[in-house]
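The structure under discussion appears below in the form of structure tokens.
Nothing in this text is a laboratory measurement; each read-out follows from the coordinates by a stated rule. What you see is a predicted model; the values in this text were computed from it and never measured. Here Cβ is always computed from backbone atoms with ideal geometry, including for glycine, and neighbour counts include all displayed protein chains.
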Amino acid sequence: MSIEEPLVLALQEQATQAKAFEELVNTYKERLYWHIRRIVLDHNDADDVLQNTFIKVYKSINGFKGDSKLYSWLYRIATNEALTFLKKRSKERGVSEETYQQHLVANLVSDVYFEGDTIQLKLQKALATLPQKQKLVFNMKYFQEMKYEAISEALGTSVGGLKASYHLAVQKIQSYLTTHD
Amino acid sequence: MKADDPKFKIPDHYFEDFNDRLFAKLSEVNEAPDTSFLPKHDGFQVPQGYFKKVTTAVMEHTHQGKSKVIAFNKQFMIYWAAAAVAVLLVLGVVWKDQHTATISFEDLANSDIDNYLEDNGLYLTTEELVAAVDEENLLLSEIDDERLEADHIMDYLDENLGDVEDLNLDYEELDY
């Protein structure tokens, strides 16, 4: 029995659900927050997406079959919520997702919850030029220090494909950092 | 299969060296890339005490049975949209009283409704629409009567689906 199993069982029982759900929120909120924040960049947006992620989890917990690990299921929901949020926002503004990404990075300069220096801001600019999948893999591997196997379960991509994506992302970031002021 | 094509040339010993180059590339991918030039932190911060507050906020939402966190401006837009619809309905009733030839909701093309919603920044996800619409007012019998044809579904997916991955299909549950 994995350490997640008692929690999943408690989540699916009416009598223990509320307490178990609070435990789930407390266990995963920080990891999921940082995962979402690195996708949407703004704190208030990350807060909205994080709360909606947990609400979705709460509503669908009875449908969780346990075919995958709980944390990878949570990451999948969080990733979908964050990417849908970005799509919706760019559509509302009538711009492409790439343009909206650039706009988000430009806003970081005046963001009170971003205290990055020049190199950290430049890294965000470099990340905004990457395809979404490479950016996700880079953030999960480099900043969240997740193992390839865990990322593979969360994103549904083969470990080999993830390694290639990570290498490509690092190469592109290095190239951006050396060719841009 | 033809052994070679006279129109295309390849470097000498290309295929003899291919395996070596491929395996060199594979081992390169298996090794962790050099990331010494990257900053250790990305500079993002959270407000003080945020992680304590967020648990309370989530628990409140789930206990009160709220379905979705909607940003203030979106809530305002929903009220604004409801008010606009109410005004249109009143005008419609007045118009109907004064004119025998009336325009009904059915006269609007779907594309016009889509354009109106998009042009006015009222893009809502299916979930938000479901949350905003009163279930009792939905006539499910109408949906049953107009069953979706497979061709219509394919046309819709062709036009609106960017990537088949977006469907989130569970391939294990599909019957091949």
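Can you work out the FRET efficiency for the pair B:Leu22 and A:Arg31, with r the C-beta to C-beta distance and R0 = 41 Å, to the nearest 0.05? Kindly include the intermediate steps, with their values, before the conclusion.
Numbers: r = 37 Å, r/R0 = 0.89.
Calculated transfer efficiency: 0.65.
How much space per residue, in cubic angstrom, does the convex hull of the C-alpha atoms of chain A take up?
Details: hull volume 22.5 nm³, N = 181.
Cα convex hull per residue, to the nearest whole number: 125 Å³.
Once phi is turned into ³J(HN,Hα) by the Karplus curve 6.51 cos²θ - 1.76 cosθ + 1.60 with θ = phi - 60°, what whole-Hz value does each residue of region A:103-114 show in order, with x for glycine and proline?
Coupling constants for region A:103-114: 5, 5, 5, 4, 5, 4, 4, 9, 7, 5, 9, 10 Hz.
Between helix A:70-92 and chain A, what is the angle of the helix's C-alpha long axis to the longest principal axis, kept within 0 to 90° and rounded to the nearest 10?
Once rounded, the angle reads 50 degrees.
Under 17 Å from a label point 7 Å along Cα→Cβ of A:Glu13: give me every residue in region A:50-77 with its amide N that close.
A:62
Along Cα→Cβ, 7 Å out, is where each label goes; now give me the distance between the ones at B:His63 and B:Ser36 in nm to one decimal.
Going from the B:His63 label point to the B:Ser36 one covers 5.4 nm.
First measure r as the distance between the Cβ atoms of B:Asn160 and A:Glu5, then evaluate 1/(1 + (r/R0)^6) with R0 = 35 Å and state the FRET efficiency to the nearest 0.05. Before the final figure, lay out each step's value.
Numbers: r = 39 Å, r/R0 = 1.11.
E between B:Asn160 and A:Glu5, to the nearest 0.05, is 0.35.
Exposure proxy check: A:Ser165, A:Ser110 ranked by fewest other beta carbons within 10 Å?
Details: A:Ser165 23, A:Ser110 7.
The order, fewest Cβ neighbours first, is A:Ser110, A:Ser165.
With an 8 Å Cα cut-off and a minimum separation of 6 or more residues, compute the relative contact order for chain A in percent. Intermediate values should be presented prior to the final figure.
Numbers: 143 pairs, mean separation 36.4, N = 181.
Computed over chain A, the figure is 20 percent.
Taking 0.36 nm per residue of sequence separation and subtracting the Cα-Cα distance, how much length would be gained by fully extending the chain between A:Lys87 and A:Glu149, in nm to one decimal? Can you show the working numbers first?
On the way: separation 62, 0.36 × 62 = 22.32 nm, distance 2.76 nm.
Using 0.36 nm per residue and subtracting the Cα-Cα distance, I get 19.6 nm.
Between B:Asp112 and B:His152, what is the FRET efficiency for a Förster distance of 22 Å, r being their Cβ-Cβ separation, to the nearest 0.05? If you can, show how the numbers build up before the last one.
Details: r = 19 Å, r/R0 = 0.86.
Given R0 = 22 Å and the Cβ-Cβ separation, E is 0.70.
With axes computed from alpha carbons, what is the tilt in degrees of helix A:118-128 against the longest principal axis of chain A, rounded to the nearest 10 within 0 to 90?
70 degrees
Within 10 Å of each Cβ in peptide A:167-178, how many partner chain Cβ atoms are there on average? Round it to a whole number, please.
Numbers: counts 7, 2, 1, 6, 1, 0, 3, 5, 0, 0, 2, 1.
Partner-chain Cβ atoms within 10 Å, mean over residues of A:167-178: 2.
Please compare each pair in A:Lys59/A:Lys91; A:Lys69/A:Lys163; A:Lys125/B:Lys40; A:Lys147/B:Lys40; A:Lys88/B:Lys53; A:Lys59/A:Lys135 to a cut-off of 19 Å on the Cα-Cα distance and tell me which ones are over it.
Details: A:Lys59/A:Lys91 27 Å; A:Lys69/A:Lys163 21 Å; A:Lys125/B:Lys40 16 Å; A:Lys147/B:Lys40 17 Å; A:Lys88/B:Lys53 26 Å; A:Lys59/A:Lys135 29 Å.
Beyond 19 Å: A:Lys59/A:Lys91; A:Lys69/A:Lys163; A:Lys88/B:Lys53; A:Lys59/A:Lys135.
Compute the angle between helix A:17-40 and the longest alpha-carbon principal axis of chain A, please, reported from 0 to 90 degrees and rounded to the nearest 10.
Long axis of A:17-40 versus the principal axis of chain A: about 10 degrees.
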